[in-house]
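Notes follow once the structure below has been shown.
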Amino acid sequence: MTHAADVVDLLAGLAPDHPLRLIRDLRPDARANAQRSFEALLEPAEPGAFTYAERYAVAAFVARLHGSDRAAAFYADLLGDADAALVPVIDRAARQGATAGPTGTYREPGLAAESVATDPWTPDAATRDAVGPRLAAALAHAHLLVIRPRESSPDALRALGAAGWTPDEIVSLSQLIAFLAFQLRVAWGLAVLAAQPVTAPADPARTASTPDPAGAAR
């Protein structure tokens, strides 16, 4: 399963002829690596026990926590192809868990004054019943890393293990959540730039050392 379209461009809402696409083309390795990371973490050829539905569910959940409606819709659409029944469940869980972040309590004494206490979030009973203990644990872990990353701990990893996640799957899950933070921020930045009004280019006949006639008249 691969996407012919560049996913970052898609999430940024860039039209095929948008100048920002050409700017991204100036960094072909960066563009290609972002796309390959998407394919490796969300659409690997052999997903194993970390299913496509789980990957898309986590992605839709994380996108909603980050406040990206476009990305949440994109990943919800992929989730719908894998397991349509999960789409409303994940959307509801993400809206319940949405809050400002990052927050949490620093373990380091020197940073304690900057701590912002936030109650841990876990899926409610209805969500747990709908998604099962394994995906419920993944959602709780995703919420921890997005909203309260400073409180990540070995205990959080043990909770995943107790829910049936293997060490390799825990690594892949955490990599997926970290990648989404990168992907969504890049897409958001491009979308902001794309929304800026286009200004007239500078007169190519002038250089930085050429006096500005308008300035000279003042």
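The values are calculated or read from the model by the stated rules, or taken from the named source; none is laboratory data. In this text the structure is predicted, and so the values were computed from the model without any measurement. Cβ: placed from backbone, ideal geometry, glycine included. Neighbour counts: every protein chain shown.
Observations on the structure shown:
- Residue ID - nearest to residue 84 (Cα to Cα), chosen from residues in the range 98-114 that are touching a residue at least 24 places away in the same chain (Cβ under 8 Å) and assigned to a loop (DSSP other than H, G, I, E, B): 98
- Selection from the range 177-193 of residues that are aliphatic (A, V, I, L, M) and buried (at least 22 other Cβ atoms within 10 Å of the Cβ): 177, 180, 184, 187
- Residue within the range 103-110 that is among the small types (Gly, Ala, Ser), touching a Ser or Thr at 6+ places or on another chain (Cβ under 8 Å) and over 14 Å from residue 54 (Cα atoms) present: yes
- Members of the range 32-44 that are over 22 Å from residue 93 (Cβ atoms) and in a helix (DSSP H, G or I): 32, 33, 34, 35, 36, 37, 38, 39, 40
- Those residues of the range 157-180 which are touching a residue at least 40 places away in the same chain (Cβ under 8 Å) and part of a helix (DSSP H, G or I), in sequence order: 169, 172, 173, 175, 176, 177, 179, 180
- Selected residue (only one of 57, 45 is of a type in the set (A, V, I, L, M, F, W, C) and closer than 15 Å to residue 177 by Cα): 57
- Counting the residues of the range 123-150 that are surrounded by fewer than 17 Cβ atoms within 10 Å (Cβ to Cβ) and part of a loop (DSSP other than H, G, I, E, B) gives 1.
- The set of residues in the range 100-151 being at pLDDT below 90, within 24 Å of residue 179 (Cβ to Cβ) and β-branched (Val, Ile, Thr) consists of 103, 118.
- Top-ranked residue of the range 45-97 - restricted to ones that are of a type in the set (Ser, Thr, Tyr) and assigned to a helix (DSSP H, G or I), ranked as surrounded by the fewest Cβ atoms within 10 Å (Cβ to Cβ): 52
- Checking each residue in the range 13-31 for being hydrophobic (A, V, I, L, M, F, W, C) and part of a helix (DSSP H, G or I) picks out 20, 22, 23, 30.
- Per this entry, residue 9 is counted among residues that are modelled with pLDDT of 95 or more, among the acidic types (Asp, Glu), more than 28 Å from residue 120 (Cα to Cα) and surrounded by 18 or more Cβ atoms within 10 Å (Cβ to Cβ).
- Residue within the range 156-166 that is buried (at least 17 other Cβ atoms within 10 Å of the Cβ), among the β-branched types (Val, Ile, Thr) and at pLDDT 80 or above present: no
- Positions within the range 61-74 being without any contact (Cβ under 8 Å) to a residue 24 or more places away in the chain and either in contact with a helix residue (DSSP H, G or I) (Cβ under 8 Å, 6 or more places away or on another chain) or of a type in the set (D, E, K, R) (or both), in sequence order: 69, 72
- Filter result for residue 29 (out of contact with any Pro (no Cβ under 6 Å at 6 or more places or on another chain) and at pLDDT 95 or above): yes
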